[in-house]
Amino acid sequence: MIQTNYKHQQLCEQLRREISSGAFAGRRFYTVKAMMERFQVSQATLTKALQPLYDEGLIYSVSGKGTFVSGNTGRSGGEKREVLPTVYCIAASEEMFDPARTSPDWCFTQLILKGVVAASRRRGIPVNIAPISTGIEAFRNLADREDTMFIFLNYESCEQLVEYVVRKGAAYSLYTNEPFGRKLNTVFCDVGKATEDATSVLAEQGHREIAFFGDYPDSARHRGYRRALRRYGLPCREEYGWFVYRGLPVPAREEALKHLPECPEVSAVVTATDYRAIGLLQALREQERNCAVISIDNMWKYYPSAPALTSIDMHLEQAGEALFEALMQKHEDGLDRQRTIPHTLEYGSEQNKQF
């Protein structure tokens, strides 16, 4: 029985010694139930004790099989070491390293990667973050290696790479925010439904003249906006569609300044991203005008001096964790699955609840 006031630290050190001794060579690690009974600790204490061992890569979990010891510490020379798979998370270079050019993409990538890395640490399987060009020739050097697996953060920019991996039969998972016409191993954040829900909130609050501020017509977000208008019998006027491809605050502000005087009757706006909402709010202040604003992504906190926005949170860190788990399941059983990450409305302030 563990005695000190820092039970999890003492237990962690004891388990680390047992791993180093080679006691688990060729075998599974203890089950959670066995450790709780043997050491007389709660599950919360045990979780704290195990986390450093996961973080250090000493142990890893396999869904449906249990927890295993990594590496060959304490094993005899004749025993076979279990080889861990090599995992690559593929993202476009500019989405990772150029926040000044494409800030929304950069924030999206950072949040997804946080979830991927957290899940990989829990399993004790390293993940390699690979900013890569979309050319297929260079990619083949990675894809043709044995026991190599891939997480893709985008289909459009990585289509050749994804299709090559699918044909090769390697394990992969793919993030998408639009539904596919065929079955792939995907994690889906439904931005169209999120925009439909945001528009519905404004309609329920009594707004009848609702504009949309996005990147281009007939995007998944724009289609969701139109679905909500039809459901509530609201006008879907062409002049209520405001579009600017670069979704940064400065160009969004400039575009909003053009449209606001042309649509004085608009009382609410749904924006495709938080950064467009920030630019819109700047324009509203300059024109001394009030409008209810709901945005998508819940990334406003990553922009300096941003106001507290009411936004649909797409839970991108959760999506990143799901991408890693989807990859592991594909690796274990070869099956393609479609997982949908739920979204939630997050109010930026108490006043915003009433618009």
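The values are calculated or read from the model by the stated rules, or taken from the named source; none is laboratory data. The model shown is predicted, which means the values in this text are computed figures rather than measured ones. Backbone-built Cβ (ideal geometry, glycine too); neighbour counts: all protein chains shown. Note: areas computed on protein heavy atoms with side chains; ligands, DNA, RNA excluded. Shrake-Rupley method; radii C 1.70, N 1.55, O 1.52, S 1.80 Å.
What is the packing order of peptides 198-206, 307-315, 266-274, taking the mean over residues of other C-beta atoms within 10 Å and listing the highest first? Display every interim value, and only then the final one.
Details: 198-206: 18.3, 307-315: 20.3, 266-274: 25.9.
Highest-to-lowest ranking by the protection proxy: 266-274, 307-315, 198-206.
Please work out the C-alpha center-to-center distance from the stretch 186-254 to the stretch 110-180 and express it in whole Å.
Answer, in whole Å: 30.
How high is the FRET efficiency between Glu156 and Cys263 when r is their beta carbon distance and R₀ equals 35 Å, given to the nearest 0.05?
Numbers: r = 31 Å, r/R0 = 0.90.
The computed FRET efficiency comes out at 0.65.
How large is log10 I(q)/I(0) at q = 0.15, 0.20, 0.25 Å⁻¹ when the Debye formula is applied to the Cα atoms of the stretch 238-283, each weighted equally and without solvent?
-0.30, -0.55, -0.87
Any idea what Rg and Dmax come out to for the stretch 135-237 if you just take the C-alpha atoms, in Å?
For the stretch 135-237, the Cα radius of gyration and maximum Cα-Cα distance read 18.8, 59 Å.
Consider a paramagnetic label point 7 Å from the Cα of Asn290 along Cα→Cβ; state which residues of the stretch 232-269 have an amide N under 18 Å from it.
It comes to 264-269, nothing else.
Please list 3J(HN,Hα) in residue order for the stretch 259-264, calculated via the Karplus relation 6.51 cos²θ - 1.76 cosθ + 1.60 where θ = phi - 60°; whole Hz, with x for glycine and proline.
With coefficients 6.51, -1.76 and 1.60, one gets 8, 4, x, 6, 10, x Hz.
Given R₀ = 30 Å, FRET efficiency for Ala308-Glu204 by Cβ-Cβ distance, to 0.05?
Details: r = 21 Å, r/R0 = 0.71.
After rounding, the FRET efficiency stands at 0.90.
Given the protein chains as shown and a 1.4 Å probe, how many square angstrom of Tyr302 are accessible, to the nearest 10?
That residue has around 110 Å² of solvent-accessible surface.
What's the whole-number percent of alpha carbon pairs in the stretch 213-307 lying beyond 24 angstrom? Before the final figure, lay out the partial values.
Working: 670 of 4465 pairs.
Roughly 15 percent, rounded to a whole number.
7 Å from Cα along Cα→Cβ at both Asp144 and Leu335: what's the point-to-point distance in nm?
Inter-label distance under the simple model: 3.3 nm.
How big is the charge dipole of the stretch 203-349 about its Cα centre, in debye rounded to the nearest 20, if each Lys and Arg gets +1 on its Cβ and each Asp and Glu gets -1 on its Cβ? The partial results should precede the final answer.
On the way: 18 positive and 22 negative charges, 75 e Å.
That gives a dipole near 360 debye.
In whole Hz and in residue order, list the ³J(HN,Hα) couplings for the stretch 8-13 that follow from phi through the Karplus curve 6.51 cos²θ - 1.76 cosθ + 1.60, θ = phi - 60°; x for Gly and Pro.
Calculated HN-Hα couplings, in order: 5, 5, 5, 5, 4, 5 Hz.
Could you give the nm distance between label points at Ala130 and Glu238, where each point is 7 Å from its Cα heading toward the beta carbon?
Reported label-point gap for Ala130 and Glu238 is 4.7 nm.
Does the stretch 118-165 come out rounded, prolate or oblate, given a ≥ b ≥ c as the square roots of the eigenvalues of its C-alpha gyration tensor, rounded meaning a/c under 1.5 and, failing that, prolate meaning a/b above b/c? Intermediate results must be reported in sequence, preceding the final value.
Values: a/c = 2.35, a/b = 1.61, b/c = 1.46.
Cα axes put the stretch 118-165 in the prolate bin.
Under a Cβ-Cβ cut-off of 15 Å, what is the net charge of the residues other than Phe243 that fall near it, where Lys and Arg count +1 and Asp and Glu count -1? Let's see the in-between values first.
Details: positive: Arg221, Arg223, Arg226, Arg237, Arg246, Arg253, Lys258, Arg276; negative: Asp215, Asp218, Glu238, Glu239, Glu254, Glu255, Glu262.
Charge balance in the 15 Å sphere: +1.
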